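The values are calculated or read from the model by the stated rules, or taken from the named source; none is laboratory data. Model, not experiment: these values are computed from the prediction. Positions of Cβ are backbone-derived with ideal geometry, glycine not excepted, and every protein chain shown enters the neighbour counts.
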Amino acid sequence: MRNKTNYLYVAVWLLVFTILELFLYPHLDLGNWRVWGLLTLMGSKALMVALVYMNLRQEGWALRLAFFAPIPVAIYFLLFMLYDAAYLWKS
């Protein structure tokens, strides 16, 4: 019974974060802060789904590392791709 309650609790938080995202995007004029807020909410939702619904919370450290280690590499890759795209657009 505890497991079903935990899933329901996480589902409610995912719904709350989704409603916040839907409110934050069109209505608030925060500029760059809006983007960082949306990225924070998106990352929180992805972490909750990975830890609870994909059961990474009960797994060992090796599986967690195998799942989460490529994320900084992908961010690093995307940042350099954005730099390269900005350079190509100027020429």
Report summary line: Exactly one of V35, V16 is of a type in the set (A, V, I, L, M, F, W, C) and modelled with pLDDT under 80, and that one is V35
Query raised in the report: Pairs under 8 Å by beta carbon, first residue in a helix (DSSP H, G or I) in the range 40-64, partner among the basic types (K, R), six or more apart or different chains?
Result: L51/R57
